[in-house]
Amino acid sequence: MALVEPLDDEQLNRVWSPILSPLAWDLGHIANFEELWLVQRIGGREPLRGELGRFYDAIENPRKVRGELPILRDEELRAYMADVRERTLDVLEGVEIGPDVEDPLLRDGFVYEMLLAHELQHDETMLQLLQLVPGYEPGRGAGHLSPGQTPGQLARRFEYPPVREMPRTPDTVVVKGGSYEVGAPANGFAYDNERPRHMVELESFEIDRTPVTNGAYVSYMEATGAEPPLYWERDGGGWVDVSRGRREPIDPAAPVIHVSWEQADGFARWAGKRLPTEFEWEAACGQLEGVGHGWEWTSSHFLAYPGFEAFPYREYSEVFFGDEYRVLRGASWATHPRVARPSFRNWDLPQRSQIFSGIRCARDA
Ligand SMILES: [Fe+2]
């Protein structure tokens, strides 16, 4: 709510982009998803608004149609959100969520952690849209998501504990070929697509310690005529960032974001390198610097791990498996630390750049 506090109802209801939902849809969807799982499923109660839920089903209603749906708006939306939260807390009063509970949804509070993660991930999606709103600054209480933070302030937000010590050069982390364990451990919260944890064989490789900078990306554009990142415009001899209606000079030392997989792959080839696979990234992530500026594109398609089991519903991951999507690893400045972890797999279409996506290069050793 702090994120959208500065906006009026017209801004919440407006369709800003065919690939992003109106903010009112996200808000209603967050509440409806909470109602579906924590009130109806766990509490066994009837829905507050009958059939409303079908308009908030993300699979049934692709982003480009969400502005046309008879969703809740304005006061009605705020009242629904408040009603759902009240019922959620009421149900929670009578629920057991310990480690020995039989229902896997409730064991260790899985379904509650899932709903928190869902809401936090929609915050990031809403921040993607908020880049289109002129003059936008988050309201009080959303300071951890301020786009005004400098890269230096963010640089150490997602420092993962070293998986094992690895030799380094000044610019790269050197990873010896061998067996590496990847994926989320069996205990603790993670999505189904991060499991089961398993061993992978990696050839020796080197991965850059830091992400590709804006300055390096400008050199690539100048050498090849490649397209600029989203929200960049020419300004005299240089480039400015025009997101949120600003015209801020591009900082050449900051990591580049808002690049597509195609741009990331093109950059890596031009630099005589390649994108890491998602397992290379995960094996090395305890040693990488600058994780948390932007999601990092990998060369991997979004596929099921061996022994994958959909939980708690097929539509979270399984319906997206295949060679259409590429995996991104790490986190961005808009990712809440609670949902950032070494095994987390994000995914998107290779031509997309509205997400906060950047580049880190690797090469065979
Ligand atoms: Fe969702």
Discussion item. Suppose the filter is over 18 Å from E119 (Cα atoms) and at pLDDT 95 or above; does E68 pass it?
Written reply: no
Practice prompt. Hey, can you tell me all the residues within the range 248-263 that are under 13 Å from R352 (Cβ atoms) and under 17 Å from the mean Cα position of the chain (by Cα)?
Written response: I257, H258, V259, S260, W261
Discussion item. For the range 341-359, which positions are loosely packed, with under 15 Cβ neighbours inside 10 Å and under 20 Å from G188 (Cα atoms)?
Written reply: none
Item to complete: Out of the residues in the range 310-347 that are under 20 Å from E282 (Cβ atoms), charged (D, E, K, R) and out of contact with any strand residue (DSSP E or B) (no Cβ under 7 Å at 6 or more places or on another chain), state the one that is modelled with the lowest pLDDT.
Response: R338
Worksheet item: Taking A82, is it at pLDDT 95 or above, exposed (fewer than 13 other Cβ atoms within 10 Å of the Cβ) and either within 16 Å of the ligand (Cβ to nearest atom) or assigned to a helix (DSSP H, G or I) (or both)?
Response: yes
Worksheet item: Among the residues of the range 118-132 satisfying the criterion of being part of a helix (DSSP H, G or I) and farther than 20 Å from E315 by Cα, which is nearest to the ligand (Cβ to nearest atom)?
Response: M126
Response to the item:
Log entry, pairs with first residue in the range 24-41 being within 18 Å of D90 (Cα to Cα), second being within 11 Å of the ligand (Cβ to nearest atom) and not in a helix (DSSP H, G or I), beta carbons closer than 9 Å, six or more apart or on different chains, reads N32/D57; F33/A58
Worksheet item: Got at least one residue in the range 184-203 being surrounded by 14 or more Cβ atoms within 10 Å (Cβ to Cβ), under 20 Å from R360 (Cβ atoms) and hydroxyl-bearing (S, T, Y)?
Response: no
Practice prompt. For D90, state whether it is out of contact with any Cys (no Cβ under 7 Å at 6 or more places or on another chain), farther than 24 Å from S357 by Cβ and in a helix (DSSP H, G or I).
Written response: yes
Practice prompt. Would you check which residues across the range 6-24 are more than 16 Å from the ligand (Cβ to nearest atom) and not in a loop (DSSP other than H, G, I, E, B) and list them?
Written response: D9, E10, Q11, L12, N13, S17
Worksheet item: From the list V111, V95, V91, which one is surrounded by 13 or more Cβ atoms within 10 Å (Cβ to Cβ), under 23 Å from the mean Cα position of the chain (by Cα) and not acidic (D, E)?
Response: V111
Discussion item. Condition first: within 20 Å of M126 (Cα to Cα), more than 14 Å from the ligand (Cβ to nearest atom) and part of a helix (DSSP H, G or I). Now tell me which residues in the range 25-75 satisfy that.
Written reply: K64, V65, G67, E68, D74, E75
Item to complete: Return yes when P185 is at pLDDT below 95, more than 30 Å from S17 (Cβ to Cβ) and assigned to a loop (DSSP other than H, G, I, E, B) and no when it is not.
Response: yes
Worksheet item: Considering the range 322-340 alone, what residues qualify as being buried (at least 17 other Cβ atoms within 10 Å of the Cβ) and assigned to a loop (DSSP other than H, G, I, E, B)?
Response: G330, A331, S332, W333, A334, T335, A340
Discussion item. Conditions first: (1) within 16 Å of the ligand (Cβ to nearest atom); (2) touching a residue at least 24 places away in the same chain (Cβ under 8 Å); (3) more than 28 Å from S243 (Cα to Cα). L105 passes all but one, so which condition is the exception?
Written reply: (1)
Practice prompt. Answer yes if at least one residue in the range 354-362 is within 19 Å of V173 (Cβ to Cβ) and outside any loop (DSSP other than H, G, I, E, B), and no otherwise.
Written response: yes
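The values are calculated or read from the model by the stated rules, or taken from the named source; none is laboratory data. Since this is a predicted model, take the numbers as computed values, not measurements. Note: ideal-geometry Cβ built from the backbone for every residue, glycine included; neighbour counts use all protein chains shown.
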